[in-house]
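Structure first, commentary second.
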Amino acid sequence: MATIADIEGMILRTGRGDRAAFSLLYEATSAKLFGVCLRVLNNRAEAEDALQDVYVKVWQKASGYAVNGYSPMTWLITVARNLAIDKLRARKAPAKNIEDAYDLADNGPTPEMAVVQKSERAQIDGCLDELDPTHADAVRGAYLMGDTYQDLADRAGVPINTMRTWLRRSLAKLKGCLSR
Amino acid sequence: MTQAGDHDKDDISLVGEYALHLLDAGERLAFEKRLAGDPSLRALLREWDEGFVSLADQFEEVIPPPRAKSAIDARLFGPATARFSLRAGVLALAVVAALAFFVGPVLWNTPDGPLYVADIAAQDRTLVVEATFDPDTAVIAINRTAGAATTGRVLELWLIAEGAPAPVSLGVMPEAPLATIAVPEDLRTAMLGATLAISDEPLGGSPTGAPTGAVLAAGSITLL
């Protein structure tokens with residue numbers, strides 16, 4: 001099972017052009033990153049495209065990883081989530097087949113993947129709990145599904161400007177809590 | 001280590017919105033331009049990304065199909081990598097070693113600042129060029145992973161800046177798949193959000209200063 005330190009080593013070696021390390025990194029992390037792409041895009045073909053973009057970017061950018069200060073999984077997940085949401089925003093009509101997407105993918109997690117995220121989950125959850133529940137839901141919707149302000153406003157049944165004002169205020173509060 | 005307290009409250013929320021991907025395209029681009037020149041803003045973004053990441057525990061792991069990795073390798077290393085003969089392999093190694101000597105410092109030096117990237121590709125991916133622009137050195141490193149100019153023709157690289165009336169030539173692409181192209185001083189700030197395009201041109205490049213042949217591939221420049 002790959003540890004965080006293993007993954008960090010794989011990224012650093014990938015940054016030196018080591019293709020074997022790149023393949024190991026892919027094995028250890030692709031199920032997580034594919035999961036990110038699938039959840040955001042809710043469409044298998046698009047998620048596969050996004051996953052390709054993610055690892056192309058990881059290969060190209062790995063040499064800069066050592067100096068960017070990110071922990072390894074945060075960096076990988078951030079790259080994947082941003083690319084997936086870029087793709088989501090680029091398309092016109094949303095796909096509606098999340099059930100299909102998951103049904104097709106009935107392989108369970110492998111041991112390598114049990115890796116990764118043993119992070120301070122309690123902290124973000126605890127900090128979100130300090131917010132108004134509607135605002136906390138909005139933060140989760142934006143992070144996990146790539147919702148836009150329009151999506152969030154529609155769901156909460158408020159004007160978009162109201163949602164933005166709420167969320168900006170809540171984000172300032174959230175950052176204060178996370179920095180404690 | 002930068003702490004949130006070093007930043008004004010508007011920036012703290014703005015960076016949070018950026019991290020959540022809530023800014024619209026224009027706001028996002030404007031923010032990325034600031035981000036490129038402001039290390040403390042990048043540190044704040046990292047704090048936000050690290051803060052949010054445990055929400056990603058909720059992304060269920062799903063094993064991608066094997067074709068995904070083959071496609072990635074083909075995009076990065078070319079489709080023929082596994083089929084080299086020994087002789088071709090030795091020759092390729094010599095070429096790579098020579099290239100590494102000349103362009104390696106540009107391609108593989110650890111960048112301190114942000115990198116801009118573009119995947120300049122034909123719709124059917126018969127021509128694919130990965131471009132990386134380092135604003136610190138104002139050099140575009142290109143890696144052509146598929147396609148080439150036809151005999152007696154060349155590929156020319158064009159910059160189409162946001163809102164610009166016409167493409168500007170960045171020069172004829174060298175024959176080698178790995179190469180670098182310097183970006184003129186006055187175009188450096190126009191790179192982010194611009195589009196890079198490749199056209200088919202006569203030897204020596206377009207005689208008119210505008211693309212004369214078919215536009216074969218295009219891709220937008222994004223912040224990596």
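The values are calculated or read from the model by the stated rules, or taken from the named source; none is laboratory data. Quick caveat, the model's predicted, so the values are computed rather than measured. So basically every Cβ, Gly included, is an ideal-geometry build from the backbone, and we count neighbours across all protein chains shown. SASA here: full protein model, heavy atoms, side chains in, ligands and nucleic acids out. Shrake-Rupley method; radii C 1.70, N 1.55, O 1.52, S 1.80 Å.
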About its Cα centre, what dipole magnitude does the stretch A:1-73 give when the only charges are +1 on Lys and Arg Cβ and -1 on Asp and Glu Cβ, stated in debye to the nearest 20? 120
Semi-axes of the stretch A:1-82 from the Cα gyration tensor (sqrt of 5 times each eigenvalue, largest first, whole Å) come to 21, 12, 12
Which of A:Thr78, A:Val40, A:Ala21 sits farthest toward the positive end of the charge dipole of the stretch A:1-93, with +1 on the Cβ of Lys and Arg and -1 on the Cβ of Asp and Glu? A:Val40
GluC sites (Glu not before Pro) in the stretch B:1-71 lying in a DSSP loop, each with at most 16 other Cβ atoms within 10 Å of its Cβ, come to B:Glu60
Would you mind giving the mean number of other chain beta-carbons within 10 Å of the Cβ of each residue in A:48-56, as a whole number? 5
Simple SL model, points at 7 angstrom along Cα→Cβ for B:Glu27 and B:Ala148; separation in nm is 4.8
How far apart, in nm, are two points set 7 Å out from the Cα along the Cα-to-Cβ line at A:Arg180 and at B:Asp136? 3.8
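For peptide B:158-167, what's the mean number of Cβ atoms from other chains within 10 Å of each residue's Cβ?
Taking all residues of B:158-167 together, the mean is 0.
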Extension reserve of the A:Gln150-A:Ile4 stretch, reckoned as 0.36 nm per residue once the Cα distance is removed: 48.9 nm
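Tell me: how much accessible area in total is hidden between A and B, 1.4 Å probe, Å², nearest 100?
6000
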